[in-house]
Amino acid sequence: MATIFSRIIAGEIPSYKVAENDQFFAFLDINPMAKGHTLVVPKQEVDYLFDLDDKTLGDMQIFAKKVAKAIEKAVPCKRVGQMVIGLEVPHAHIHLIPINKESDMVLSNPKLKLATEEFQEIAKKINDAFAEENK
Ligand code: AMP
């Protein structure tokens, strides 16, 4: 059975998409640790990030870098932090999280509750910044 992320990539489940290329898809985490918290996912369905072949993992990190640069432009923050967990969804993904202090990366922090309009607005800003950076 396809993973929830494959179903998002296929458009069967809605998401707040921020970027896409032929290999990867990036969208807002639905339970964000910060505004702009984004997941970068390979279209290839592999459970564990570190089981990806070297070329795909390298390409994914470069794609994540481009998304991180777009997040920096769209969301006020000091840095974009990167995290890999993967215990909940068995489809490799990188978390990109706008941060201002170390504790912004603490997993047990309460997650933000955002309105649909806020998700849409943030996704559009990141998507616009990504398009601008990569035209
Ligand atoms: P983990 O597998 O532990 O890295 O966590 C999976 C992440 O995916 C969590 O931060 C969830 O909030 C996020 N997530 C799960 N389902 C969705 C969804 N349908 N749309 C966006 N984010 C999701």
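Return yes or no: is VAL67 among the β-branched types (Val, Ile, Thr) and touching a Pro at 6+ places or on another chain (Cβ under 8 Å)? So VAL67 does not fit the description; no.
Would you mind stating whether ILE62 is of a type in the set (A, V, I, L, M, F, W, C), more than 19 Å from ASP128 (Cβ to Cβ), open to solvent by 50 Å² or more (accessible area, probe 1.4 Å) and out of contact with any Leu (no Cβ under 7 Å at 6 or more places or on another chain)? It is true that ILE62 is of a type in the set (A, V, I, L, M, F, W, C), more than 19 Å from ASP128 (Cβ to Cβ), open to solvent by 50 Å² or more (accessible area, probe 1.4 Å) and out of contact with any Leu (no Cβ under 7 Å at 6 or more places or on another chain). Scoring LYS125 on the criteria (1) within 26 Å of ALA2 (Cα to Cα); (2) of a type in the set (D, E, K, R); (3) touching a helix residue (DSSP H, G or I) at 6+ places or on another chain (Cβ under 6 Å) leaves a single failure, condition (1). For region 107-125, does any single residue satisfy the condition of being modelled with pLDDT of 95 or more, hydroxyl-bearing (Ser, Thr, Tyr) and not in a helix (DSSP H, G or I)? Checked against the condition, which is being modelled with pLDDT of 95 or more, hydroxyl-bearing (Ser, Thr, Tyr) and not in a helix (DSSP H, G or I), region 107-125 yields at least one hit. Taking the numbered list (1) surrounded by 15 or more Cβ atoms within 10 Å (Cβ to Cβ); (2) closer than 20 Å to LEU112 by Cβ in turn, ASN31 passes all entries but (1). Would you check if LYS55 is basic (Lys, Arg), more than 11 Å from the ligand (Cβ to nearest atom) and either open to solvent by 90 Å² or more (accessible area, probe 1.4 Å) or within 15 Å of the chain's Cα centre (by Cα) (or both)? Taking the combined requirement at face value, the residue satisfies it. For the subset of region 86-111 comprising residues that are among the aliphatic types (A, V, I, L, M) and farther than 13 Å from THR38 by Cβ, which member is surrounded by the most Cβ atoms within 10 Å (Cβ to Cβ)? Once the filter is applied, the top-ranked residue is ALA92. The residues listed here are PRO76, PRO14; of these, the one that is more than 9 Å from the ligand (Cβ to nearest atom) and open to solvent by 90 Å² or more (accessible area, probe 1.4 Å) is PRO76. Looking at ILE62, ILE9, just one residue is without any contact (Cβ under 8 Å) to a residue 12 or more places away in the chain and among the β-branched types (Val, Ile, Thr), and that residue is ILE62.
Scanning region 84-106 for residues that are without any contact (Cβ under 8 Å) to a residue 24 or more places away in the chain and within 12 Å of the ligand (Cβ to nearest atom) yields ILE85, LEU87, GLU88.
The values are calculated or read from the model by the stated rules, or taken from the named source; none is laboratory data. Values in this document were obtained by computation on a predicted structure and should not be read as measured data. Every residue, glycine among them, receives a Cβ derived from its backbone with ideal geometry; neighbour counts consider all protein chains shown. Note: accessible area is taken over every heavy atom of the protein model, side chains too, but ligands, DNA and RNA are not part of it. Shrake-Rupley method; radii C 1.70, N 1.55, O 1.52, S 1.80 Å.
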